[in-house]
Amino acid sequence: MQLNAVARLFYSPRLLLSTRQPGSLSSVPSCGLHATATLNDAGTATKSVPEKPKRPMNTYIRFAQSIRSSLASANPQASPTDISKLAAVKWQSLDQATKAKLEEEYKREQAVWLQKNAKYLSQLTDAQKAEIKLERQQRNEGKVKREQKRMLKELGRPKRPMNAYLRFCAQNKPAPGLSKEDNKMQMKNLGMQWKRLPEGERERYTKEAEAEMKRYQEEMKVWEDKMLAAENVIAVRKKNVLLPPSPASVKAKKGGIPVVDSAPVAKPKKPTSAARP
């Protein structure tokens, strides 16, 4: 468990140890489903689901992609978001004849795609359909988690501190730019160093982690009260919330009226009918 935690730590932005290389898949646009792969007995990857026909780009995306490179060259300091805004402005001023031509190209490719996609779906087995459904569900769940993480960051939710072992690893992290294999060796070495660490040194990391956790818990209470007072209940009423709401937050949620716990009222028993003579 500790080894996996260190792996996530080293590849997180917190330590700036990204090993992403230029031209990574994160910068390549894609659409539709991708073919999934499994490992056979020989250890080589084999496709379990055939690749789905690629859906054609709609008229606007087709136009934006065609001018993106020229816009980027003319505006080298512009961010991808700025380039998209410039493309939207260009689209608004585009003449109707060019738009109609792009629309015809899209409809022609769309008709071909519909035929290919229908053939593709008819050839899928029940197991492949279930695999595609699971993949789509995982992507949706990942999107929801990313959106929730972004929302919590924008709302200023306190960041959970590292435990004693991760604090030790962070202070003894390897140099950035190492390969994945080198990072793996570094993680193993750090785990061995932690086991051989004197009790006094380990106690220091433990006390630092406990102090940070105490501070974090206090900040979480204040943050939760603030969120509930602002009616941002969705931000704190999740299963991963660390602490229950304090009485102040309950009072804010109930419109200023504190909740008083009362003893449970016993439910009256249903009278039984008298025995017949």
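The values are calculated or read from the model by the stated rules, or taken from the named source; none is laboratory data. Values in this document were obtained by computation on a predicted structure and should not be read as measured data. All Cβ positions, even for glycine, are placed from backbone atoms using ideal geometry, and neighbour counts span all protein chains on display. Just the protein is used for accessible areas: all its heavy atoms, side chains included, with ligands, DNA and RNA removed. Shrake-Rupley method; radii C 1.70, N 1.55, O 1.52, S 1.80 Å.
Checked against the criterion of being crowded, with 17+ Cβ neighbours inside 10 Å, touching a helix residue (DSSP H, G or I) at 6+ places or on another chain (Cβ under 7 Å) and closer than 30 Å to K226 by Cβ, the candidates M162, M187 yield just one match: M162.
Can you find a residue in the stretch 96-107 that is loosely packed, with under 10 Cβ neighbours inside 10 Å, without any contact (Cβ under 8 Å) to a residue 12 or more places away in the chain and either among the hydrophobic types (A, V, I, L, M, F, W, C) or closer than 20 Å to E51 by Cβ (or both)? Even if it seems obvious, please write down each step before you answer.
So the first thing to find is which residues in the stretch 96-107 are loosely packed, with under 10 Cβ neighbours inside 10 Å, and the list is 96-97.
From the residues that got through so far, the ones that are without any contact (Cβ under 8 Å) to a residue 12 or more places away in the chain too are 96-97.
Filter once more, so that each one left must be either among the hydrophobic types (A, V, I, L, M, F, W, C) or closer than 20 Å to E51 by Cβ (or both): 97.
Within the stretch 96-107, one or more residues are loosely packed, with under 10 Cβ neighbours inside 10 Å, without any contact (Cβ under 8 Å) to a residue 12 or more places away in the chain and either among the hydrophobic types (A, V, I, L, M, F, W, C) or closer than 20 Å to E51 by Cβ (or both).
Within the stretch 46-102, take every residue that is among the hydroxyl-bearing types (S, T, Y), more than 30 Å from A127 (Cα to Cα) and in a loop (DSSP other than H, G, I, E, B) and give me the one that is nearest to the chain's Cα centre (by Cα). Result: S79.
When you check Q123 against the structure, is it exposed (fewer than 11 other Cβ atoms within 10 Å of the Cβ), at pLDDT below 95, touching a Pro at 6+ places or on another chain (Cβ under 8 Å) and of a type outside the set (S, T, Y), yes or no? Criteria met by Q123.
Being out of contact with any Asp or Glu (no Cβ under 9 Å at 6 or more places or on another chain), modelled with pLDDT under 90 and open to solvent by 90 Å² or more (accessible area, probe 1.4 Å) is a description that applies to K153. Starting from the stretch 64-86, take each residue that is closer than 20 Å to K99 by Cα and charged (D, E, K, R) and list its partners that are outside any loop (DSSP other than H, G, I, E, B) and open to solvent by less than 80 Å² (accessible area, probe 1.4 Å), counting only C-beta distances under 9 angstrom and pairs at least six apart or across chains. Qualifying pairs under 9 Å: R68/I83; R68/S84; R68/A87. In the stretch 201-215, the count of residues that are open to solvent by 80 Å² or more (accessible area, probe 1.4 Å), at pLDDT 90 or above and farther than 20 Å from N172 by Cα is one or more.
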